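Novice: Sending over a structure as structure tokens; questions will come in a sec.
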Amino acid sequence: MEEKSKETIDLLVQAQKTYFRTGKTRSYEFRMKALNNLAKLIRNNEAKILYALKSDLNKSEAEAYTTEIGFLLEEIRHTQKHLKKWMEPKKVKTAKTHFGSKGYTISEPYGVSLIIAPWNYPFQLQLAPLIGAIAAGNTAILKPSELTPHTSKLINALIKEVYHPDYIAVVEGGVETTQVLLDQPLDYIFFTGSVPVGKVIMEAASKRLIPITLELGGKSPCIVDETADIKLAAKRIAFGKFTNAGQTCIAPDYLFLHKNIRKEFIETFKEVVKSFYGEQPLENEAYGKIVNDRHFNRLINYLSDGEILFGGRYNEANEKIEPTLMVPEDSSVSVMNDEIFGPIFPVMEYEDIEEVIEFVVDRSKPLALYLFTTTNEIEHKVINNISFGGGSINDTLMHIATPYLPFGGVGESGIGSYHGESSFVAFSHSKSVLNQTNKFDFSFRYPNAKNGLKMI
Ligand code: NAD
């Protein structure tokens with residue numbers, strides 16, 4: 001891994017500051033060209049990207065294409081289509097007290113942005129925020145995860161091919177390097193990662209009052225009501241839970257089943273999982289691996305937190321764990337308190353939706369929530385009584401895949417949002433301007449006013 005020294009990082013940030021001040025990054029044409037270059041770079045290097053993701057996470061081509069490459073190309077296409085409109089100054093109404101003046105807001109780039117990425121979708125989560133940074137007219141420093149070294153190295157090599165480092169640069173490395181970066185006079189930080197590290201980022205940013213976006217994690221509940229379409233629910237939940245072997249920030253973390261459909265759902269779910277990954281998922285080439293030993297061992301420990309309903313086997317040699325459904329001993333065990341981030345799925349039963357609402361609101365606000373129901377009343381109750389970042393009704397994960405929905409958490413699951421226009425907004429400061437008329441002046445506001453309303 002090509003790590004950089006503190007001196008190199010100091011110089012890099014200074015060089016980006018100087019470059020930003022030239023104003024070159026601000027024009028519409030410059031931003032569009034930089035986005036074209038990014039799209040071309042991704043398209044021309046698909047094979048290398050797929051290889052890096054296979055090496056780091058055993059991602060299958062189909063999964064890597066939809067969740068990483070295709071996702072980015074669609075995000076770039078959407079951004080280019082709408083960028084001109086997003087960049088326009090927005091007129092606002094004038095208050096009566098401001099008669100004669102005009103008000104507007106303009107979106108201005110912050111300046112030098114830092115984008116820190118995690119390892120689970122290491123290509124997409126590094127470059128999706130970059131689309132926002134470019135669109136909004138910033139320079140950017142990218143810090144990929146050290147836990148996915150093939151992807152980190154590839155991002156470094158690719159970015160160098162098309163952008164001058166004064167505009168966009170990659171700094172590879174782990175905690176120490178990130179801390180050097182966080183000690184720089186940055187103008188904006190976009191962080192995707194865990195809740196504990198999110199707190200470290202926020203603390204560092206607070207020292208210089210640097211604006212931030214935090215895309216964090218947590219435990220995302222999945223609820224299946226007695227009126228749900230069981231077969232569809234089972235397919236869509238298995239898809240959301242076991243894609244990338246459960247290492248997805250918005251994967252359903254734990255499952256709540258209505259007692260009347262519990263048995264039927266579990267049987268159907270088991271069949272669906274078998275049809276997705278076969279009788280021997282540990283030997284299935286298309287089934288993802290756990291990123292490293294530390295996470296593998298952490299996950300294995302959860303298997304003793306309750307009764308295994310199916311799955312539960314694992315292979316240390318290829319770091320794979322079977323899709324597993326289990327009943328936790330009670331809600332105090334680790335699997336019911338840590339973010340699982342793996343293919344282990346604890347399931348609980350409920351009778352009244354109020355019990356579920358109480359359970360969820362007693363805990364940190366989730367990043368995502370999934371509800372399977374065909375009853376409007378249940379849907380409204382859940383949506384209106386539980387605070388969560390975003391979610392889907394009768395599906396999982398899909399809310400992240402449309403550029404029209406802002407994506408982000410709330411409370412412990414994150415601050416701010418992105419995707420589509422929200423990415424442009426996240427990387428911009430909305431500057432308010434009042435343009436006062438010189439045609440007349442209300443003298444009553446001055447300390448020497450005598451007759452109130454007097455024109456100049
Ligand atoms: P992480 O927080 O351990 O690491 C994320 C980044 O922070 C990495 O680049 C890492 O090098 C850096 N880092 C780690 N420790 C640091 C420290 N002490 N100081 C400064 N930098 C540090 O997260 P991870 O394990 O890579 O990713 C998994 C987590 O990310 C999960 O909690 C998951 O839910 C979350 N996540 C969230 C989203 C989202 O969009 N909300 C997406 C993917 C993952």
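Novice: Can you list, largest first and rounded to whole Å, the semi-axes you get for segment 134-279 by taking the square root of 5 times each eigenvalue of its Cα gyration tensor?
Specialist: 41, 19, 13
Novice: Let me ask you something else. Give me the angle, in degrees from 0 to 90, between the Cα long axis of helix 149-162 and the longest principal axis of the Cα atoms of the chain, rounded to the nearest 10.
Specialist: The angle comes out near 30 degrees.
Novice: Next up: Would you mind checking LYS4/LYS24; LYS54/LYS81; LYS199/LYS219; LYS6/LYS143; LYS219/LYS241 for any pair whose Cα atoms are more than 21 angstrom apart?
Specialist: Numbers: LYS4/LYS24 26 Å; LYS54/LYS81 32 Å; LYS199/LYS219 17 Å; LYS6/LYS143 14 Å; LYS219/LYS241 12 Å.
With Cα atoms farther than 21 Å apart: LYS4/LYS24; LYS54/LYS81.
Novice: Still on this structure, I have one more. When Lys and Arg each count +1 and Asp and Glu each count -1, what net charge do the other residues less than 11 Å away from VAL433, Cβ to Cβ, add up to?
Specialist: In short, +3.
Novice: Right, here's the next one. Within a Cβ distance under 13 Å of GLU283, other residues only, what is the Lys/Arg minus Asp/Glu net charge?
Specialist: Value of the local net charge: 0.
Novice: Hey, another quick one. With an 8 Å Cα cut-off and a minimum separation of 6 or more residues, compute the relative contact order for segment 221-400 in percent. Display every interim value, and only then the final one.
Specialist: On the way: 317 pairs, mean separation 54.2, N = 180.
About 30 percent, as a whole number.
Novice: With angles folded into 0 to 90 degrees, how steeply does helix 46-57 sit against the dominant principal axis of the chain? Use alpha carbons for both and round to 10.
Specialist: 60
Novice: Next question, about the same structure. Go through 43-52, 162-171 and give me the packing order, highest mean Cβ count within 10 Å leading.
Specialist: Sorting 43-52, 162-171 by mean packing, highest first, produces 162-171, 43-52.
Novice: Expressed as an acute angle from 0 to 90° and rounded to the nearest 10, what is the orientation of the C-alpha long axis of helix 230-242 relative to the principal long axis of the chain?
Specialist: That helix lies at roughly 70 degrees to the long axis.
Novice: When a footprinting reagent is the concern and you count Cβ atoms within 10 Å, what order do THR66, THR324 take, fewest first?
Specialist: Working: THR66 13, THR324 25.
Taking fewest neighbouring Cβ atoms as first place, the list is THR66, THR324.
Novice: Using only the alpha-carbon atoms of segment 221-400, report the extent along each of the three principal axes, biggest first, to the nearest angstrom.
Specialist: Largest first, segment 221-400 extends 48, 31, 30 Å along its Cα principal axes.
Novice: Now a separate question. Return the Rg/Rh value of the chain, two decimal places, where both radii are evaluated on C-alpha atoms and Rh is the Kirkwood radius.
Specialist: Ratio of gyration radius to Kirkwood radius: 1.04.
Novice: What does the helix-only formula give at 222 nm for the chain: each DSSP H stretch with n ≥ 4 adding -39500 (n - 2.57), the total divided by the residues, and the result rounded to the nearest 500 deg cm²/dmol? Intermediate results must be reported in sequence, preceding the final value.
Specialist: Details: 15 runs with 179 residues, N = 456.
Helices in the chain give a 222 nm mean residue ellipticity of -12000 deg cm²/dmol.
Novice: Hey, fewest Cβ within 10 Å first, where do ILE134, ILE141, ILE230 land in order? Write down the numbers at each step before the final one.
Specialist: Numbers: ILE134 32, ILE141 23, ILE230 18.
Listing ILE134, ILE141, ILE230 from fewest to most nearby Cβ atoms yields ILE230, ILE141, ILE134.
Bear in mind these aren't lab numbers, they're just calculated from the coordinates by the rules spelled out. The model shown is predicted, which means the values in this text are computed figures rather than measured ones. Counting neighbours? That spans all protein chains shown, and the Cβs are built from the backbone with ideal geometry, glycine included.
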